[in-house]
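One structure coming up, written as structure tokens, with questions to follow.
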Amino acid sequence: MSWPQAVLLDFYGTVVEEDDHLVSELCAEISDSITAMPVDPRTVGAYWSELFTRVCADASGPAFATQRELERRSLRQTIRHFGSAADEEALSGRLFAYWQRPVPFPDTAAFLREIACPICIVSDIDRTDIETAMAHLDIKVDLLVTSQDACAYKPRPEPFLLALGLLELPPDQVVHIGDSLTRDVAGANALRIPAAWVNRTGRTRPPTMQVTYEVTDLTSLHQALATAPQLLVDSPGT
């Protein structure tokens, strides 16, 4: 039996570029609109990022809220916290527009075309936004699982378990591919799903984070999966 039997694939930051550049622009605009003492845009960004991470972690089950709602909620609080006069609706609108028309990485099309096993995208973005993005980029995969479907955000187990259930496969027969250590790798580790970390920016991986593959792009990962285990780093659970 070949391995993996299927691929779980993160979308933003892995298949398409994250919205980091846009978030930086928005933080600068929030900073420029602060009426009192000036605040560095990086301070604004750190506050917003921590708040957004926290509200996502709290949004599960009956308390679930969509990614759009959590973005609005965290942005609104960030603007108020710093006493900025920035327009929440205008800033949110620019983020939502990017979510629906993201920029693909150059290696995406070939990777999706050449992977022979089923692909299930597992994403935190709302279903309508990612379906619009995939249609815009003409990306077709076998399955799509969003946090909206699972009523929970990565790294919680619900999105991963929903994907495994739809694929009818156990954790050790798939590989989860993603760029985020805290969401993708941590979530996969918790369920003993082999993880492939796409580290495009040369970040350092903490030793507590276990990965089966660590690569700089999807081209390298495809080669690794085709000729495993030559890029083996750590086996999950060891």
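The values are calculated or read from the model by the stated rules, or taken from the named source; none is laboratory data. Computed from a predicted structure; not experimentally measured. Please note: Cβ atoms are built from the backbone with ideal geometry, for glycine as well, and neighbour counts cover all protein chains shown.
Here is a yes/no grid of residues against (1) in a strand (DSSP E or B); (2) modelled with pLDDT of 95 or more; (3) out of contact with any strand residue (DSSP E or B) (no Cβ under 8 Å at 6 or more places or on another chain):
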| site | (1), (2), (3) |
| --- | --- |
| L95 | no, yes, yes |
| P102 | no, yes, no |
| C117 | no, no, no |
| T128 | no, yes, yes |
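Which residues, counting only those in region 1-19, are surrounded by fewer than 19 Cβ atoms within 10 Å (Cβ to Cβ) and either at pLDDT below 95 or more than 30 Å from V141 (Cβ to Cβ) (or both)?
Hits for region 1-19 are M1, S2, W3, Q5.
Select from region 150-164 the residues that are surrounded by fewer than 19 Cβ atoms within 10 Å (Cβ to Cβ) and more than 15 Å from the chain's Cα centre (by Cα) and write down the one among them that is nearest to V7 (Cα to Cα).
Within region 150-164, the match that is nearest to V7 (Cα to Cα) is L161.
For region 101-116, check the following and say yes or no: at least one residue is closer than 21 Å to L70 by Cβ and either touching a residue at least 40 places away in the same chain (Cβ under 8 Å) or polar (S, T, N, Q) (or both).
yes
So, A28, is that one modelled with pLDDT of 95 or more, in a helix (DSSP H, G or I) and over 28 Å from A152 (Cβ atoms) or not?
yes
Check region 108-123 and report whether any residue there is charged (D, E, K, R) and either more than 27 Å from L162 (Cβ to Cβ) or in contact with a Phe, Trp or Tyr (Cβ under 9 Å, 6 or more places away or on another chain) (or both).
no
Could you check A36 against (1) touching a Gly at 6+ places or on another chain (Cβ under 7 Å); (2) in a helix (DSSP H, G or I); (3) among the small types (G, A, S) and say which number it fails?
A36 satisfies every listed condition except (2).
Also, I was wondering about something else. Scan region 69-94 for residues that are aliphatic (A, V, I, L, M) and buried (at least 18 other Cβ atoms within 10 Å of the Cβ) and jot them down.
Within region 69-94, L70, L75, I79, A86, L91 meet the criteria.
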